[in-house]
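The values are calculated or read from the model by the stated rules, or taken from the named source; none is laboratory data. This structure is a prediction, so every number in the text was calculated from the model and none was measured. Positions of Cβ are backbone-derived with ideal geometry, glycine not excepted, and every protein chain shown enters the neighbour counts. What goes into the accessible areas is simple: the full protein's heavy atoms, side chains included, and nothing from ligands, DNA or RNA. Shrake-Rupley method; radii C 1.70, N 1.55, O 1.52, S 1.80 Å.
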Amino acid sequence: MDSTDGRPGAGVQIVNWDALSGPQFDRAFISHMITGHEKAISKFETASANLQDPELKKYANKTLPTLRKHLEMAQELQTKIGMWSASSTNSAYQNAYQNR
């Protein structure tokens, strides 16, 4: 979860990976990877469209294809491990988090 009030670290969630094992860990981990890549892609797309610094804009544009490929790979893995139910994925994912 991103901070909406501008404070560094506000709204950050920490995964309690030790509380998970087996398929529950797998579901939470892949969900975490997908969510993280979706957020990163969104931020890089915004940066690519709005940055004024040509070097930073170039970096954002160069990095986006890699982020998209990683997201695609995570989504394929999710399918391969039988992640058909978004509700069970989200439940495992949410149960592993603690608000900071």
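Of note:
- Failed item, numbered, when E76 is tested on (1) at pLDDT 55 or above; (2) touching a helix residue (DSSP H, G or I) at 6+ places or on another chain (Cβ under 6 Å): (2)
- Output for the stretch 16-37, where each listed residue is acidic (D, E) and surrounded by 13 or more Cβ atoms within 10 Å (Cβ to Cβ): D26
- For the stretch 54-68, a residue qualifies if it is closer than 12 Å to H37 by Cα and open to solvent by 100 Å² or more (accessible area, probe 1.4 Å), and exactly one does: R68.
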